[in-house]
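The block underneath contains the structure these notes are about, expressed in structure tokens.
The values are calculated or read from the model by the stated rules, or taken from the named source; none is laboratory data. Values in this document were obtained by computation on a predicted structure and should not be read as measured data. Backbone-built Cβ (ideal geometry, glycine too); neighbour counts: all protein chains shown.
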Amino acid sequence: MSETYDYVIVGSGTAGGLLAHNLTQAGARCLLIEAGKNFRKETFPRLEGDASAQMYWGGGFELSHDASMAFLRGKVVGGGSIVNQGLMDRFDEVAFDDWRAESGVDFFSLAAMEPYYDAVEAKLALHTFTAVERNRNAEKFVAGCEACGYEWKYLRRGQGDCGLEEGNDCIGCLNGCHRDSKQSSMVVFVRPAEALGLELVAETMVEWVEPIGDEVRVHTTQAGAKKTYQARRLILSGGALGTTGLLLRSGLKPRFPALGKYFASHPQFMFFAIYDEEINAHEGYFQTVNSKDPRFRPRGFKLENVFAGPASSALLFTGYGRAHHNIMRQYRHMACAEVAIRDENAGEVTVGGNGRLTIKKPLTDQDRRRMKDGTAVLKEILAATSPRQVLESPLYFGLHLMGGSRMGVDPAASVVEPDYRLRGFDNIYVCDSSLFPNAPGINPALTVMALAQRLSEELTR
């Protein structure tokens, strides 16, 4: 048994890193535990396949119980903020109104969350793209939207000096930013917190937690050996799957009927348009625009102009041998966009006797209607740019994993109290996307940080 910390924080991603920084800065003795490796900008894997194997749970992706859907989550110090696209959007009133109606939590509103958005944004380097920064992939998307009469917008991203004028390509940051330009949790919060005295242990799996009186024991496995840490307060920030799985492994399902339920993921469906001319969508800033048409929001979908490296793109196409090779040899001629839907929170996460997660995530009838609606619009946009061929990936996946330990006032439908405490426990808190009442239909990273900022201010008053 180690000495007792003021806080043990499980998970170093978007919420955990910020909490560790703010609490350490306020004078608390904090331990941050991360299951993934502790890379620095000089040591991130350079090869796409190596990065997938070393920086994601499941060696690249995890599958739903019937293998119909793949889920991506980072397993690295900095969590998903290391491997995501760094987009920073505030929620709108549509998202917060739905959250408030379903959860009964009164601070779910733009007005109540604005001070925390402001505080987080002041810590980040933020950049909104302009016309000169669009690559050919973005140009095709914009041209198609304008030809069809759909509105689009420039994206805002957390980034500093990306060095594109030096020949860098932004797509490389999906494997970890080699310049510390992307405003990841590792760069903005974890490294500065270490300089203030934060203790970090990486490659450490938290197996279960054990509340004992006024303290909590955190049982871990490190390099095959068991080790237990002790804290006056425990904060779970392992994400929808990490936090929910840990609570399930800790035997808490009987106390919480809603634990593991209401899982959502913003399912995403990929389309590739192939042109006679080279597009080179992997060059420059690989994502600068997406849809902003007011007609799409109530229909439950949005369109994103995206791209991926050759290994990841190859996985999105079925087929073997020459047929698959003929697709991939056209990589430089591909543009790419996706339909992302605001899904119903009908998924459920469970844990088997071996401690392994099982993820059930069916597409509901509403999900399928939204997918078909968005697909029809995207096909129209791509057709307006006169491609030689449009390919639809038969695979779909979830990047924004949400719910499973959601916040609310109803004990039958939630796990976490509005004060972030695990219901019935005074010294265990949950702060990450697992507490989301439902899917917002907006990139969640900035709001996760704003929720963490709010909790840190409550804890340090």
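Kindly indicate whether residue 158 is more than 26 Å from residue 82 (Cα to Cα) and modelled with pLDDT of 95 or more. Quick ask: steps written out before the conclusion?
On the way: more than 26 Å from residue 82 (Cα to Cα): no; modelled with pLDDT of 95 or more: yes.
No.
Return the total of residues in segment 423-445 being of a type in the set (A, V, I, L, M, F, W, C) and surrounded by 24 or more Cβ atoms within 10 Å (Cβ to Cβ).
Residues in segment 423-445 being of a type in the set (A, V, I, L, M, F, W, C) and surrounded by 24 or more Cβ atoms within 10 Å (Cβ to Cβ): 6 in total.
Could you tell me which residue of segment 93-112 is farthest from residue 452 (Cα to Cα), considering only residues that are touching a Lys or Arg at 6+ places or on another chain (Cβ under 8 Å) and either β-branched (Val, Ile, Thr) or surrounded by fewer than 17 Cβ atoms within 10 Å (Cβ to Cβ) (or both)? Show your work before the answer.
First pass over segment 93-112, keeping only residues touching a Lys or Arg at 6+ places or on another chain (Cβ under 8 Å): 94, 103, 106-110.
Narrowing the set further to residues that are either β-branched (Val, Ile, Thr) or surrounded by fewer than 17 Cβ atoms within 10 Å (Cβ to Cβ) (or both) leaves 94, 106-107, 109-110.
Numbers: 94: 21, 106: 17, 107: 13, 109: 15, 110: 16 Å.
Ranking the candidates gives 94 first.
Which one of these is closer than 23 Å to residue 169 by Cβ, small (Gly, Ala, Ser), without any contact (Cβ under 8 Å) to a residue 12 or more places away in the chain and not in a strand (DSSP E or B): 53, 67?
Going through 53, 67 in turn, just one is closer than 23 Å to residue 169 by Cβ, small (Gly, Ala, Ser), without any contact (Cβ under 8 Å) to a residue 12 or more places away in the chain and not in a strand (DSSP E or B): 53.
Between 413, 450, which is within 15 Å of the chain's Cα centre (by Cα) and among the aliphatic types (A, V, I, L, M)? It would help to see each step written out before you state the result.
Working: 413 fails: within 15 Å of the chain's Cα centre (by Cα).
The conditions single out 450.
Can you name every residue in segment 416-447 that is of a type in the set (A, V, I, L, M) and either closer than 15 Å to residue 252 by Cα or more than 14 Å from the chain's Cα centre (by Cα) (or both)?
Looking only at segment 416-447, we keep the residues that are of a type in the set (A, V, I, L, M), and these are 416, 422, 428, 430, 435, 439, 442, 445-446.
Matches in segment 416-447: 416, 422, 428, 430.
Within segment 382-418, how many residues are among the β-branched types (Val, Ile, Thr), surrounded by 24 or more Cβ atoms within 10 Å (Cβ to Cβ) and assigned to a strand (DSSP E or B)? It would help to see each step written out before you state the result.
Quick first cut of segment 382-418, residues among the β-branched types (Val, Ile, Thr) only: 385, 390, 409, 415-416.
Applying the additional criterion that residues be surrounded by 24 or more Cβ atoms within 10 Å (Cβ to Cβ) yields 415-416.
Now narrow it down to the ones that are assigned to a strand (DSSP E or B): 416.
Count: 1.
Any idea which residue in segment 329-381 is farthest from residue 278 (Cα to Cα), counting only those that are in contact with a strand residue (DSSP E or B) (Cβ under 9 Å, 6 or more places away or on another chain) and of a type in the set (Ser, Thr, Tyr)?
Taking the candidates together, the pick is 350.
Mind listing just one residue for me: the one in segment 12-27 that is in contact with a strand residue (DSSP E or B) (Cβ under 8 Å, 6 or more places away or on another chain) and of a type in the set (S, T, N, Q) and, of those, farthest from residue 449 (Cα to Cα)?
We begin by selecting, within segment 12-27, every residue in contact with a strand residue (DSSP E or B) (Cβ under 8 Å, 6 or more places away or on another chain); these are 12-13, 16-17, 19-20, 23-24.
Next, only the ones that are of a type in the set (S, T, N, Q) stay: 12, 24.
Details: 12: 12, 24: 16 Å.
The qualifying residue farthest from residue 449 (Cα to Cα) is 24.
Within segment 408-430, work out how many residues are among the charged types (D, E, K, R) and in contact with a Leu (Cβ under 8 Å, 6 or more places away or on another chain).
Initially, segment 408-430 is screened for residues among the charged types (D, E, K, R), giving 410, 417, 419, 421, 423, 426.
Filter again for in contact with a Leu (Cβ under 8 Å, 6 or more places away or on another chain), leaving none.
Number of matching residues: 0.
Look at residue 302 and say whether it is farther than 30 Å from residue 392 by Cβ and in a strand (DSSP E or B). Quick ask: steps written out before the conclusion?
Details: farther than 30 Å from residue 392 by Cβ: no; in a strand (DSSP E or B): yes.
For residue 302, the condition - farther than 30 Å from residue 392 by Cβ and in a strand (DSSP E or B) - is not met.
Limited to segment 113-136, what total is found for residues that are surrounded by 14 or more Cβ atoms within 10 Å (Cβ to Cβ) and part of a helix (DSSP H, G or I)?
Initially, segment 113-136 is screened for residues surrounded by 14 or more Cβ atoms within 10 Å (Cβ to Cβ), giving 113, 116-117, 119-121, 123-127, 129, 133-136.
Next, from what is left, pick out any that are part of a helix (DSSP H, G or I): 113, 116-117, 119-121, 133, 136.
Total satisfying the criteria: 8.
Among the residues of segment 156-169 satisfying the criterion of being in contact with a His (Cβ under 9 Å, 6 or more places away or on another chain) and touching a residue at least 60 places away in the same chain (Cβ under 8 Å), which is surrounded by the most Cβ atoms within 10 Å (Cβ to Cβ)? Steps first, please.
Residues of segment 156-169 that are in contact with a His (Cβ under 9 Å, 6 or more places away or on another chain), as a first pass: 156-160, 162, 168-169.
Next cut, touching a residue at least 60 places away in the same chain (Cβ under 8 Å) only: 156-159, 162, 169.
Details: 156: 18, 157: 24, 158: 26, 159: 21, 162: 21, 169: 17.
Taking the candidates together, the pick is 158.
Taking residue 241, is it among the aliphatic types (A, V, I, L, M), in the same structural domain as residue 433 (by TED's automatic domain parsing) and either touching a Lys or Arg at 6+ places or on another chain (Cβ under 8 Å) or more than 18 Å from residue 36 (Cα to Cα) (or both)? Reasoning before the result, please.
Working: among the aliphatic types (A, V, I, L, M): yes; in the same structural domain as residue 433 (by TED's automatic domain parsing): yes; either touching a Lys or Arg at 6+ places or on another chain (Cβ under 8 Å) or more than 18 Å from residue 36 (Cα to Cα) (or both): yes.
Considered against the rule, which asks whether it is among the aliphatic types (A, V, I, L, M), in the same structural domain as residue 433 (by TED's automatic domain parsing) and either touching a Lys or Arg at 6+ places or on another chain (Cβ under 8 Å) or more than 18 Å from residue 36 (Cα to Cα) (or both), residue 241 comes out as yes.
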